[in-house]
């Protein structure tokens, strides 16, 4: 979980989960890590840790290939509401 700018109009909480280990995770070598599930919550949204589901937020996937991050949402931060 990552919390950004608490109390601001851009405040968000990011929940991150993966079901697999990174493909490449070595010191001095660019990371390769696919299918990281992200759920971005805004003020007033809810999230259930048991079912890994939320209401009102934004669900997307991050992939890291040779150190370069891409997002199924187009933006690695998932965009706004």
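The values are calculated or read from the model by the stated rules, or taken from the named source; none is laboratory data. Source: prediction; values computed, not measured.
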Search result, residues across the stretch 46-81 that are modelled with pLDDT of 95 or more, more than 13 Å from the chain's Cα centre (by Cα) and in a loop (DSSP other than H, G, I, E, B): 66, 67
Flag if residue 8 is outside any strand (DSSP E or B) and modelled with pLDDT under 95: yes
